[in-house]
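> Can you read through this structure? Questions will come right after.
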Amino acid sequence: MWNVEEFARAAGVTVDELAAYVAESQSGATPVIRRRPPGELAERLGLARWIREGGMTAEAYREFLRDYLAEGTRMHHPAYLGHQIAAPDFPAALADFVHGATNNPMAVYEMGASAATVEFEVLRWMLGKVGFGETGGGVLTHGGSLANLTALLAARASAAPEAWTDGVPGDLALLVPASTHYSLTRAAAILGLGERAVMPLDVDGLGRIDVARLPKAMERVRRAGRRPMALVANACATGTGLYDDLRGVGEFCAANGVWFHVDGAHGASALLAAEHRHLLDGIELADSLIWDAHKMLRTSSLAAAVLTRREGDLDAAFQQRASYLFYGEQGFDLIGRTVECSKAELGLKIFLNLAWRGEGGLGEHVARQYATAHRFWELARERPGFECPYEPESNIVCFGYGTADPVDVRERLMADGAFQLTSAELGGVRHLRVTVMAPATDDKTLEALLDRIAELGGSADPR
Ligand SMILES: Cc1ncc(COP(=O)(O)O)c(C=O)c1O
């Protein structure tokens, strides 16, 4: 049994230390990242001793937690410009805490009526935002990769309903731009289509689907003796942060009877920002869509939605037998729509952020991050040696500097913990890549980054 007084003491320690950690991170006074080797870090944190002996107390925990936090990567830090992981807002963090204590795992309604009902209402809100309100269905999953797999399962059930029992027919094709997230091509292999079923769409110089050349792609599919299971568009692409023309692609798919899947893991949240909503014009034409809350809706990892325009399509994705769970009418249970059996109280994270900040507040967050990335692009363009191949549409920007090797520059920026950023290939050339995730990132941060790259990057002459 819990000693609830000990719990309250330890929880108090957690709140104190996390508050100090977030305040320090937001101020930018510490390194954004530390990369001590695992052996050395295990030693420093006393991991072997704690595992061997146990006996932690609230005070020892305070020391441990302080070191643990100091050695991690600080998502709230202004110089965190790396992967698409949110600096979580605190209402969502509270939801994680509540889940940790209540553990209503959401396999079936009877395992957590409140958690399940919150998920229903969050999904209803998301479906409404996308334009699937009247007919659509949804489910929350642990992450965008699983969400993409689930959506493609629904597409497969639509194209080949017999696949679940008879195995996958050999003539299915998945049409994707090369810029699509790897979880989609991986899903094709997991689903039994095989990687050879993935057929690339023609794209422009920035990796966006060339709508005018879609008929040619269909012709290639037909000539290969295949039929399209689904066609995927990015909203937005992971590497560049650029959006495909959803209306153009959606209308083509509708006219040709092709399942249209939109990967909105990162960029669907722009639906909440009036000035960016146009980037998602045509999203309501999708047959399926994924939308990650743990990217731009400021929840911790993971909380992703799979949404389908027709509710029945999602129900058709899985067919299962388990006599202790599945019998008769499933009532309110969403278990039939997910790979997971048990899952966390994912809806609560999204709900509490919504309840605290309002839809408008979340939209303002998206708009602010997109604006900061645009500012970075403006500042970089003004400086000699910086090359920015496109105007950003989201909070992701790719750029280069003179003859500098992006991999080397990135390593050196991270070596002393001054900045964390990533790199990505664009048109076969590796670029540096900034993703503005933390609300604390400002002009001072961006100028300092550009100064530092110019210092490290050698000649400003073009590559
Ligand atoms: C466009 C896109 N789709 C899917 C994913 C996978 O999401 P997750 O990391 O939640 O599995 C990502 C991750 O960055 C992404 O950018």
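The values are calculated or read from the model by the stated rules, or taken from the named source; none is laboratory data. Values in this document were obtained by computation on a predicted structure and should not be read as measured data. FYI the Cβ positions are ideal-geometry reconstructions off the backbone, even for glycines, and counts take in every protein chain you see.
Every residue, every condition in (1) modelled with pLDDT of 95 or more; (2) surrounded by 14 or more Cβ atoms within 10 Å (Cβ to Cβ); (3) outside the structural domain of Asp166 (by TED's automatic domain parsing), yes or no:
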site: Asp292; (1), (2), (3): yes, yes, no
site: Lys295; (1), (2), (3): yes, yes, no
site: Ala305; (1), (2), (3): yes, yes, no
site: Asp315; (1), (2), (3): no, yes, no
site: Tyr327; (1), (2), (3): no, no, no
site: Leu334; (1), (2), (3): no, yes, no
site: Arg337; (1), (2), (3): no, yes, no
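> Next up: Can you tell me which residues in the stretch 145-159 are away from the ligand (no atom under 16 Å from the Cβ) and hydroxyl-bearing (Ser, Thr, Tyr)?
Within the stretch 145-159, Ser158 is the sole residue that qualifies.
> Give Arg381, Arg430, Arg412 a once-over and let me know the one that is touching a residue at least 24 places away in the same chain (Cβ under 8 Å) and either under 23 Å from His276 (Cβ atoms) or more than 24 Å from the chain's Cα centre (by Cα) (or both).
The match here is Arg412.
> Scanning the stretch 160-202 for residues that are surrounded by fewer than 16 Cβ atoms within 10 Å (Cβ to Cβ), under 23 Å from the mean Cα position of the chain (by Cα) and under 20 Å from Ala212 (Cα atoms), which turns out nearest to the ligand (Cβ to nearest atom)?
Of everything passing the filter in the stretch 160-202, Ala178 is nearest to the ligand (Cβ to nearest atom).
Rundown of residues vs (1) touching a Ser or Thr at 6+ places or on another chain (Cβ under 6 Å); (2) touching a residue at least 12 places away in the same chain (Cβ under 8 Å), yes/no style:
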residue	(1), (2)
Gly100	no, no
Asn104	no, yes
Gly112	no, yes
Glu121	no, yes
Trp125	no, yes
Phe132	no, yes
Val139	yes, yes
Gly144	no, yes
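> Could you say which residue among Gly225, Gly282, Gly250, Gly267 is within 15 Å of the ligand (Cβ to nearest atom) and modelled with pLDDT of 95 or more?
Exactly one of Gly225, Gly282, Gly250, Gly267 is within 15 Å of the ligand (Cβ to nearest atom) and modelled with pLDDT of 95 or more, namely Gly267.
> Here is a further query. List the residue pairs whose Cβ atoms are under 9 Å apart, where the first residue sits in the stretch 295-316 and is over 24 Å from Ser394 (Cβ atoms), the second is among the basic types (Lys, Arg) and within 16 Å of the ligand (Cβ to nearest atom), and the two are 6 or more positions apart or on different chains.
Every condition considered, no pair remains.
> Follow-up question, since we're still on this one. Name the single residue, out of those in the stretch 211-262 being acidic (Asp, Glu) and surrounded by fewer than 24 Cβ atoms within 10 Å (Cβ to Cβ), that is nearest to the chain's Cα centre (by Cα).
Ranking the qualifying residues of the stretch 211-262, first place goes to Asp245.
> Do we have Ile33 as surrounded by 13 or more Cβ atoms within 10 Å (Cβ to Cβ), among the hydrophobic types (A, V, I, L, M, F, W, C), under 25 Å from Gln420 (Cβ atoms) and in contact with a Gly (Cβ under 6 Å, 6 or more places away or on another chain) here?
Criteria met by Ile33.
> Okay, moving on. With respect to the numbered conditions (1) touching a residue at least 12 places away in the same chain (Cβ under 8 Å); (2) exposed (fewer than 15 other Cβ atoms within 10 Å of the Cβ); (3) of a type in the set (Asp, Glu), which one is the sole condition not fulfilled by Asp89?
Looking at each condition in turn, Asp89 falls short on (2).
> For His431, which of the numbered conditions (1) in a strand (DSSP E or B); (2) surrounded by fewer than 15 Cβ atoms within 10 Å (Cβ to Cβ) fails to hold?
Checking His431 against (1) in a strand (DSSP E or B); (2) surrounded by fewer than 15 Cβ atoms within 10 Å (Cβ to Cβ), the one that fails is (2).
> Still on this model: All but one of (1) surrounded by 17 or more Cβ atoms within 10 Å (Cβ to Cβ); (2) small (Gly, Ala, Ser); (3) assigned to a helix (DSSP H, G or I) hold for Ser394, so report the exception by its number.
Only one criterion is unmet by Ser394, namely (3).
> Could you tell me how many of the residues in the stretch 73-95 are more than 20 Å from Ala29 (Cβ to Cβ) and β-branched (Val, Ile, Thr)?
1
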